[in-house]
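Visitor: Pasting a structure below so you can have a look.
The values are calculated or read from the model by the stated rules, or taken from the named source; none is laboratory data. Note that the structure is predicted; figures quoted are calculated from it, not measured. For neighbour counting, all protein chains shown are included, and Cβ atoms are generated from backbone atoms with ideal geometry for every residue, glycine included.
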Amino acid sequence: MNFQGIDLNLLAAFDALMNERNVTRAATQVGVSQPAMSAALSRLRKLLGDPLFLRSADGLLPTPRARELAAPISQALRQLEATLVRKPEFVPHEAKLTINLGLSDYPAFVLLPSLLAALEEQAPGILINVHAFNDRDHAVDLLDAGAIDAAIGVPPTHPEGRILTRPILQDEFVTIIASKHPAARRGMDMETYLSLPHALVSPEGQRHGLVDQALAQQGEQRTLVLTLPQMFALPTIVASTRMTGTVLKRIALNSPSARKLAFFPPPVALPEIVFHLIWHRRSDSNPAQQWMRTLIESVATAL
């Protein structure tokens, strides 16, 4: 069988470059020097008659030909690895390791307590190190840099082949108001909703959210008196004021102030929010990481 000068080392180099979009990090992943990785890229370019990767402000940018080759090469390498390399069995209750998780506020509040309880029972030697991230694309930066092993949040703005995602948790919005408020007895129609002062949760500090977009489509506008970045603070604020707010249901239900709140469906149609488990392709076949991802998914399903 003649592969026309292509060897597995070149394919592994290509896969690493697709994963890392950086020659130095790709060299580290494969276990070679930076000059050796650069030489492999030169050989690949000559062999395939394509530049494959172009330099950009965001790192190496794959050409259309590279994107076309990425999935078949990655799958072939994974199959060879599964066939030829015997990996040590991962035994959760004997494991001693640290897992770095990137969590947005919602999963940290809703999912993390149950996840830690499951780890305490099944793998007490695993340490969880939580990292915050500013937005969905910041999580990708942390994964690329190897600062986190996985993240839980909304999926990246621009999906990339090296970043894998799986939906694990969803929630719906509810409109809340203090149960002692007169509007809590009357109900929450559009007229009542618009007559109230509103609080908006916006991690980015914006004064226009999903509710405002939905209202604008109907030619309506609400009166904002508060914007804040922390969604879990909103139920307690609403419970002790005349404000109303619209927040994800589990945040309100799990709040210490839940008994002081009245819950209503929002008077405008809002989408469900889906949270994804997000990880880098380089850790896709790691036994410990696979086990942890399965555990996270099972905990999320049970919520």
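Visitor: Please go through region 136-183 and pick out each residue that is surrounded by fewer than 18 Cβ atoms within 10 Å (Cβ to Cβ) and in contact with an Asp or Glu (Cβ under 6 Å, 6 or more places away or on another chain).
Guide: T157, Q170, E172 - these are the residues of region 136-183 that are surrounded by fewer than 18 Cβ atoms within 10 Å (Cβ to Cβ) and in contact with an Asp or Glu (Cβ under 6 Å, 6 or more places away or on another chain).
Visitor: Having 3 or more residues that are surrounded by 11 or more Cβ atoms within 10 Å (Cβ to Cβ) and of a type in the set (K, R) is the bar; report the helices (runs of 4 or more DSSP H) wholly within region 54-128 that clear it.
Guide: 64-84
Visitor: Filter region 210-236 down to the residues that are under 23 Å from K180 (Cβ atoms) and loosely packed, with under 15 Cβ neighbours inside 10 Å and list them by number.
Guide: T223, V225, listed by residue number.
Visitor: Does region 154-177 include one or more residues that are under 19 Å from the mean Cα position of the chain (by Cα) and assigned to a helix (DSSP H, G or I)?
Guide: Checked against the condition, which is being under 19 Å from the mean Cα position of the chain (by Cα) and assigned to a helix (DSSP H, G or I), region 154-177 yields no hits at all.
Visitor: Which number in (1) small (G, A, S); (2) part of a loop (DSSP other than H, G, I, E, B); (3) buried (at least 19 other Cβ atoms within 10 Å of the Cβ) marks the one condition that S285 misses?
Guide: Result: S285 passes all but (3).
Visitor: While we're on this one: Among the listed residues D15, D7, D50, which satisfies the condition of being at pLDDT 90 or above and either loosely packed, with under 13 Cβ neighbours inside 10 Å or of a type outside the set (A, V, I, L, M) (or both)?
Guide: Being at pLDDT 90 or above and either loosely packed, with under 13 Cβ neighbours inside 10 Å or of a type outside the set (A, V, I, L, M) (or both) holds for just one of D15, D7, D50, which is D50.
Visitor: Of the residues that sit in region 255-300 and are among the hydroxyl-bearing types (S, T, Y) and either touching a Leu at 6+ places or on another chain (Cβ under 8 Å) or in the same structural domain as F232 (by TED's automatic domain parsing) (or both), which one is farthest from G153 (Cα to Cα)?
Guide: It comes out as S257.
Visitor: Now a separate question. Looking at this structure, is G245 surrounded by 16 or more Cβ atoms within 10 Å (Cβ to Cβ), over 19 Å from the mean Cα position of the chain (by Cα) and within 28 Å of D141 (Cβ to Cβ)?
Guide: So G245 fails the test.
Visitor: Quick one: in region 288-303, of everything that is farther than 19 Å from R250 by Cα and out of contact with any Phe, Trp or Tyr (no Cβ under 6 Å at 6 or more places or on another chain), which residue is surrounded by the fewest Cβ atoms within 10 Å (Cβ to Cβ)?
Guide: T294
Visitor: Of R43, R65, R78, R55, which residue is in contact with a strand residue (DSSP E or B) (Cβ under 9 Å, 6 or more places away or on another chain), charged (D, E, K, R) and either outside the structural domain of D284 (by TED's automatic domain parsing) or within 21 Å of G146 (Cβ to Cβ) (or both)?
Guide: Step by step, each of R43, R65, R78, R55 is checked, and only R55 is in contact with a strand residue (DSSP E or B) (Cβ under 9 Å, 6 or more places away or on another chain), charged (D, E, K, R) and either outside the structural domain of D284 (by TED's automatic domain parsing) or within 21 Å of G146 (Cβ to Cβ) (or both).
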